[in-house]
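S.K.: Quick one: the structure is below, questions incoming.
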Amino acid sequence: MCLGIPGEIIEILTDRPDLAKVDVCGVKRAINIGLLEDEELNAGDWVLIHVGFAMSKIDEREAKAALEFLEGIGQAYAEELAALSESNIT
Amino acid sequence: MSQGTAPPSEQTKANWAEEAVAEHAGAVQLTREEQVLERIDRARRRKARIKEPRITMSHGAGGKASRTLTEAIFLDALSNTVLEELEDAASLTVGTAKLAFTTDSFVVSPLFFPGGNIGDLAVNGTVNDLAMSGARPLYLSAGFILEEGFPVDDLRTIVASMAAAAERAGVTVVTGDTKVVQRGKGDGCYINTAGVGVLERAVPLRAASAKPGDAVLVSGPIGEHGVTIMLCRGELDIEADLESDTAPLHEIAAALLDAVPGVRMMRDATRGGVATILNEVAVASQVSVVIDEAAIPVNPMVNGACELLGIDPLYVACEGRLVTVVDGDQAEAALAALAGHPLGAGAAIIGRVKDDPPGLVLLKTSFGGTRIVDLLVGDPLPRIC
Amino acid sequence: MRFVDEFRDAEKAIALSAQITALCEPGRHYKFMEVCGGHTHTIYKHGLEDYLPDTVQLVHGPGCPVCVIPMGRVDDAIAIAEEPGVIMTSFGDMMRVPGGRGSFFDSNAAGADIRMVYSPLDALKVAQANPSKLVVFMAIGFETTAPSTAMTMLRAEALGLTNFSIFCNHVTIIPAIKAILDSPDLRLDGFIGPGHVSTVIGCRPYEFIAREHNKPLVCAGFEPLDILQSVYMLMLQLKEGRSEVENQYSRVVPWDGNLKALKVINQTMTLRPYFEWRGLGFISHSALAVNDRYAAFDAERIFNVPGVRVADPKACQCGEVLKGVLKPWECKVFGTACTPETPIGTCMVSSEGACAAYYNFGRFTRERVKEATRTVDIELTAARP
């Protein structure tokens, strides 16, 4: 029920400005973007879709930051593992 | 009279819930988590009973309710050793001939969809049931229930498709029947078929034959038929370039059986999807079927549509894919045999059979965790085939 | 799938898992509650608990909007559906939830017209397509979904529809969290905060939890790495002696929420003085009703709703499971009287409920299954070219 899926806007419908066409893995659907009327939405933007409505514009910078954090953790872990395998306390 | 200024004091009980509790009155609190599998297993092995007074859509979904209906009503009244096998086709001996015999009904809505129509499903579906039992499909019957007002041209198209599909599958439609019901009493066109094939191979294929160490394979990407039907019902405003995967599997099945002597069972994944077949194998053979999420072939569009709709591709119907369990040592040979046929593009080894925990299907998620793939409850996609 | 696959990476999970373990104080046990049903679902679907050390336990909270609907409200919906000329529309997960006398599926079997939709806008289309019928939408969900229902009422008003109404069962998350916090037998170290609810209400409403109850809360996304990272952030807070609200899901959740969404909720709905939550009892100011201005779209004013309460059987221990006092398998009726097909109480009702998720996805001892899946991995790697 909390089902929200990221989709890419491919077209804002000209005759119905409260609707946009989104693409999720090649599957296209028209969704209502009325809840984001204060944001500027263009083709190429990503939004979170829930029961036919766009709830939020996905902030790509924040997404990048989140991934970088995860990469960092991964890096630190890999380095630690490497250090562990090289160290010898016997 | 909605919730007013004070909580209403009138209260009733849910009789069905009170009865369920009373039925299991001896239940005590479990002390160890290990006991929970046993408890659920015991509860499930109780004699199947239909509690609802009326048939619901769940009974047609191919999952738990369908199974309960089959056991409680049909097996109960009609019991015999052949029927109880509950395989896709019945194996019969008539004189010296060994035959496979099957029946199927087609109620798909809409009748016409990308990739085919109800006629294609009818022929391919029946051919597949026979092929999955290792038989060479030979003869089909076709019974039509037509609704008053159904366009004759649509009927012509459907029957032309059936003729083409029959030729492709090397079968002949040798007998048939037609009935007409009044407008409103039937949804355009329903088709019932029966099929007969000859069993020329020695080894019986049964869901109860799986052994620890066996490999599980699927012949191609899953969920395409079910999602295609969902999308073209037009209620969802979703467009995708998807087609039903309806196809006759007799040749690819024969290729597999020729190349691999150690095939334990084959099933075509229709209602209830791959997950339903794997559960049937796990329970019938009392083994654990362990599959690897990353190995399961799924078209990205099917994935996308399933994510949008909140359904799991493992439960979505196919109409031209087979699931097979083979002797573990012959897994590579089986894969090669499937992949060597045009309908096997995208074939994959998706898992292994283990001995423990018996009766369960386990999924190793691509995230690296584990979960169970249980029997389908409810009906996510009605009138799929 | 972009913004999805990157957050399902197993390697990063291993690294995060090591970091979480490193933050564990020897001899200490940690209990975090994820409030959202969607999080419960993700945790089980991906087998996320495999990545947590034994001393870190996740408790599944009451954030499943389907689960908390009392049986009496389902009966009310059915009563509306049974009125002449009514088409009831509902999300799929409500279709098989049993009320006091049966589910929507059962009702259809008895002659009602209850249809599955994926969006309230689909219900609007049904109303436009059937002008002689009264179309009702069963509106459920937390603040995530309430704006969509509100927007749909606004659109119905703009279209001048006179045959469309809402049966409003929207609930709000903060009172539920308060109810958990106020319970005397609570032992939680922190919260994995709602993700999509927070896109609407923002992160500020949770500040009282950190400030007054001294429990950290991290708003989490719905991919497994999101939840794992959130656990890491909670552990770090505990280690550093902090108690704050943090936003792990910052790519989607704005700190201040969605003002337009809040505006349309206020425009069309009002807070009920109290509402019954299955498993938690009556909670004041915890649910929404259609307000006076939009009365024309309020099914409770248009139809005669019985409003009878149906009690869960005494054997039901959902209240304790919801607060983390009992694990699902420790409930006396788990797996016997109470199964996903016959859910005695809220925790078993939808696949997001704690007991249903455990039953469907996770009912095994980790060690047994880890062994089974570990060797599959090695063999499959060998099999693939």
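The values are calculated or read from the model by the stated rules, or taken from the named source; none is laboratory data. Computed from a predicted structure; not experimentally measured. Cβ: placed from backbone, ideal geometry, glycine included. Neighbour counts: every protein chain shown. Side chains are part of the model used for accessible areas, which takes the heavy atoms of the whole protein and leaves out ligands, DNA and RNA. Shrake-Rupley method; radii C 1.70, N 1.55, O 1.52, S 1.80 Å.
S.K.: Condition first: within 14 Å of chain A (Cβ to nearest Cβ), touching a Phe, Trp or Tyr at 6+ places or on another chain (Cβ under 9 Å) and open to solvent by 10 Å² or more (accessible area, probe 1.4 Å). Now tell me which residues in region C:155-200 satisfy that.
M.R.: C:Glu157
S.K.: When the residues of region C:290-318 are narrowed to those that are assigned to a strand (DSSP E or B) and more than 7 Å from chain B (Cβ to nearest Cβ), which ends up nearest to C:Leu134 (Cα to Cα)?
M.R.: C:Asp298
S.K.: Please go through region B:327-359 and pick out each residue that is open to solvent by less than 10 Å² (accessible area, probe 1.4 Å), among the hydrophobic types (A, V, I, L, M, F, W, C) and under 19 Å from the mean Cα position of the chain (by Cα).
M.R.: Result: B:Ile350, single match.
S.K.: Still on this structure, please answer the following. For C:Val252, indicate whether it is under 22 Å from C:His39 (Cα atoms) and either buried (at least 21 other Cβ atoms within 10 Å of the Cβ) or at pLDDT 95 or above (or both).
M.R.: Yes.
S.K.: While we're on this one: Pairs under 9 Å by beta carbon, first residue under 14 Å from B:Cys318 (Cβ atoms) in region B:243-267, partner open to solvent by 40 Å² or more (accessible area, probe 1.4 Å) and assigned to a helix (DSSP H, G or I), six or more apart or different chains?
M.R.: As it stands, the answer is B:Ala247/B:Arg168; B:Pro248/B:Arg168; B:Ile252/B:Pro342; B:Arg267/B:Glu280, since those pairs meet every condition given.
S.K.: Taking the stated definitions as given, is B:Val159 open to solvent by 20 Å² or more (accessible area, probe 1.4 Å), free of Cβ contacts under 8 Å to residues at least 12 places away in the same chain and more than 13 Å from B:Thr103 (Cα to Cα)?
M.R.: Spelling it out, it is not the case that B:Val159 is open to solvent by 20 Å² or more (accessible area, probe 1.4 Å), free of Cβ contacts under 8 Å to residues at least 12 places away in the same chain and more than 13 Å from B:Thr103 (Cα to Cα).
S.K.: Tell me the residue from C:Asp93, C:Asp50, C:Asp75 that is at the interface with chain B (Cβ under 7 Å from one of its Cβ atoms), open to solvent by 10 Å² or more (accessible area, probe 1.4 Å), of a type in the set (D, E, K, R) and in contact (Cβ under 8 Å) with a residue 60 or more places away in the chain, please.
M.R.: It is C:Asp50.
S.K.: Out of all the residues in region B:224-251, which are more than 26 Å from B:Gly197 (Cβ to Cβ) and in a loop (DSSP other than H, G, I, E, B)?
M.R.: B:Arg233, B:Gly234, B:Glu235, B:Leu236, B:Asp237, B:Ala240, B:Asp241, B:Leu242, B:Glu243
S.K.: So B:Pro221 fits all but one of (1) within 14 Å of chain A (Cβ to nearest Cβ); (2) in contact with a helix residue (DSSP H, G or I) (Cβ under 6 Å, 6 or more places away or on another chain); (3) not charged (D, E, K, R); (4) not in a helix (DSSP H, G or I); what number is the exception?
M.R.: (2)
S.K.: Provide a single number: the residues in region C:97-120 that are within 21 Å of C:Pro343 (Cβ to Cβ) and within 14 Å of chain A (Cβ to nearest Cβ).
M.R.: 2
S.K.: Return yes or no: is C:Ala127 modelled with pLDDT of 90 or more, more than 12 Å from chain A (Cβ to nearest Cβ), outside any loop (DSSP other than H, G, I, E, B) and buried (at least 22 other Cβ atoms within 10 Å of the Cβ)?
M.R.: Yes; evaluated as a whole, the condition is true for this residue.
S.K.: While we're on this one: Can you name the residue in region A:31-63 that is part of a helix (DSSP H, G or I) and more than 7 Å from chain C (Cβ to nearest Cβ) and, of all such residues, is nearest to C:Lys125 (Cα to Cα)?
M.R.: Looking at the filtered set, the residue picked out is A:Leu36.
S.K.: How do the pairs read when you match residues in region B:20-40 that are of a type in the set (Gly, Ala, Ser) with residues anywhere that are open to solvent by less than 50 Å² (accessible area, probe 1.4 Å), using Cβ under 6 Å and keeping only pairs 6 or more apart or on different chains?
M.R.: B:Ala20/C:Ala337; B:Ala20/C:Thr342; B:Ala27/C:Thr336
S.K.: Looking at B:Glu319, is it under 20 Å from the mean Cα position of the chain (by Cα), of a type outside the set (A, V, I, L, M, F, W, C) and open to solvent by less than 20 Å² (accessible area, probe 1.4 Å)?
M.R.: When the stated conditions are applied, B:Glu319 passes them.
S.K.: Does A:Asp45 fit the bill of being open to solvent by less than 40 Å² (accessible area, probe 1.4 Å) and among the charged types (D, E, K, R)?
M.R.: So A:Asp45 passes the test.
S.K.: Out of curiosity, is C:His41 at pLDDT below 90, facing another protein chain (nearest Cβ under 9 Å) and over 24 Å from C:Leu236 (Cα atoms)?
M.R.: yes
S.K.: Quick one: how many residues across region C:320-341 are in contact with a Leu (Cβ under 7 Å, 6 or more places away or on another chain) and open to solvent by less than 20 Å² (accessible area, probe 1.4 Å)?
M.R.: Residues that pass the stated criteria total 2.
S.K.: Answer yes or no as to whether C:Val252 is part of a loop (DSSP other than H, G, I, E, B) and within 19 Å of the chain's Cα centre (by Cα).
M.R.: Spelling it out, C:Val252 is indeed part of a loop (DSSP other than H, G, I, E, B) and within 19 Å of the chain's Cα centre (by Cα).
S.K.: Additional query: I'd like to know if region C:175-182 contains one or more residues that are over 17 Å from the mean Cα position of the chain (by Cα) and over 23 Å from C:Ile78 (Cβ atoms).
M.R.: yes
S.K.: For region B:291-316, name all the residues that are facing another protein chain (nearest Cβ under 10 Å) and open to solvent by 20 Å² or more (accessible area, probe 1.4 Å).
M.R.: Of everything in region B:291-316, those that are facing another protein chain (nearest Cβ under 10 Å) and open to solvent by 20 Å² or more (accessible area, probe 1.4 Å) turn out to be B:Glu293, B:Ala294, B:Asn299, B:Pro300, B:Met301, B:Asn303, B:Glu307, B:Leu308, B:Gly310, B:Ile311, B:Asp312.
S.K.: Could you please let me know if A:Leu70 is touching a helix residue (DSSP H, G or I) at 6+ places or on another chain (Cβ under 6 Å) and at pLDDT 80 or above?
M.R.: Here the answer is yes, as A:Leu70 does meet what is asked.
S.K.: Given (1) within 30 Å of B:Gln11 (Cα to Cα); (2) of a type in the set (A, V, I, L, M, F, W, C); (3) surrounded by 23 or more Cβ atoms within 10 Å (Cβ to Cβ), where does C:Met151 come up short, assuming only one miss?
M.R.: Of (1) within 30 Å of B:Gln11 (Cα to Cα); (2) of a type in the set (A, V, I, L, M, F, W, C); (3) surrounded by 23 or more Cβ atoms within 10 Å (Cβ to Cβ), only one is false for C:Met151: (1).
S.K.: Which of the numbered conditions does B:Leu99 fail, given that it passes all the others? Conditions: (1) at negative phi; (2) under 15 Å from the mean Cα position of the chain (by Cα).
M.R.: Failing condition for B:Leu99: (2).
S.K.: Would it be correct to say that B:Gly95 is more than 9 Å from chain C (Cβ to nearest Cβ) and within 26 Å of B:Ala207 (Cβ to Cβ)?
M.R.: Here the answer is no, as B:Gly95 does not meet what is asked.
S.K.: Continuing with the same structure: In contact with a Ser or Thr (Cβ under 9 Å, 6 or more places away or on another chain) and over 26 Å from B:Leu231 (Cα atoms) - does that describe any residue in region C:83-98?
M.R.: yes
S.K.: Right, next: Could you list, in sequence order, all residues of region C:266-284 that are more than 12 Å from chain B (Cβ to nearest Cβ) and assigned to a loop (DSSP other than H, G, I, E, B)?
M.R.: C:Gly279, C:Leu280
S.K.: So which residues in region C:107-121 are outside any loop (DSSP other than H, G, I, E, B) and surrounded by fewer than 21 Cβ atoms within 10 Å (Cβ to Cβ)?
M.R.: Answer for region C:107-121, where residues must be outside any loop (DSSP other than H, G, I, E, B) and surrounded by fewer than 21 Cβ atoms within 10 Å (Cβ to Cβ): C:Asn108, C:Ala109, C:Arg115, C:Met116.
S.K.: Still on this model: From the set of residues in region B:57-90 that are within 11 Å of chain C (Cβ to nearest Cβ) and without any contact (Cβ under 8 Å) to a residue 60 or more places away in the chain, which is surrounded by the fewest Cβ atoms within 10 Å (Cβ to Cβ)?
M.R.: Filtering first and then ranking leaves B:Thr68.
S.K.: Exactly one condition in (1) of a type in the set (Gly, Ala, Ser); (2) open to solvent by 10 Å² or more (accessible area, probe 1.4 Å); (3) within 14 Å of chain B (Cβ to nearest Cβ) is false for C:Gly85; which is it?
M.R.: Evaluating C:Gly85 over (1) of a type in the set (Gly, Ala, Ser); (2) open to solvent by 10 Å² or more (accessible area, probe 1.4 Å); (3) within 14 Å of chain B (Cβ to nearest Cβ) leaves (3) as the failure.
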